[in-house]
1. With respect to Thr22, determine if the residue is surrounded by 11 or more Cβ atoms within 10 Å (Cβ to Cβ) and in contact with a strand residue (DSSP E or B) (Cβ under 8 Å, 6 or more places away or on another chain).
2. Just to be sure before I move on: is Glu15 surrounded by 10 or more Cβ atoms within 10 Å (Cβ to Cβ) and at pLDDT below 90 in the structure I sent?
3. If I go through region 12-44 residue by residue, how many of them are among the small types (Gly, Ala, Ser) and either touching a residue at least 12 places away in the same chain (Cβ under 8 Å) or not in a helix (DSSP H, G or I) (or both)?
Amino acid sequence: MHLLPIVEGNRTFIEWSVKLDTAPQDEARWQALFQSWIPDWTHSLERTLDRKAA
């Protein structure tokens, strides 16, 4: 994971990558599962950072 400041505004660019070693027939299922988790992870990070800024 990389967090990079965005020059304009009080925002951050999150670059996140995951490499899974899975059977080819399971690849789409794992990709969908991780994509469904990412919004929760980023919102959790946002809430944590908001608490620290307060």
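The values are calculated or read from the model by the stated rules, or taken from the named source; none is laboratory data. Quick caveat: nothing in here was measured; it's all calculated off a predicted structure. Note: ideal-geometry Cβ built from the backbone for every residue, glycine included; neighbour counts use all protein chains shown.
1. Details: surrounded by 11 or more Cβ atoms within 10 Å (Cβ to Cβ): yes; in contact with a strand residue (DSSP E or B) (Cβ under 8 Å, 6 or more places away or on another chain): no.
Against the criterion (surrounded by 11 or more Cβ atoms within 10 Å (Cβ to Cβ) and in contact with a strand residue (DSSP E or B) (Cβ under 8 Å, 6 or more places away or on another chain)), Thr22 does not qualify.
2. On the way: surrounded by 10 or more Cβ atoms within 10 Å (Cβ to Cβ): no; at pLDDT below 90: yes.
Criteria not met by Glu15.
3. 2
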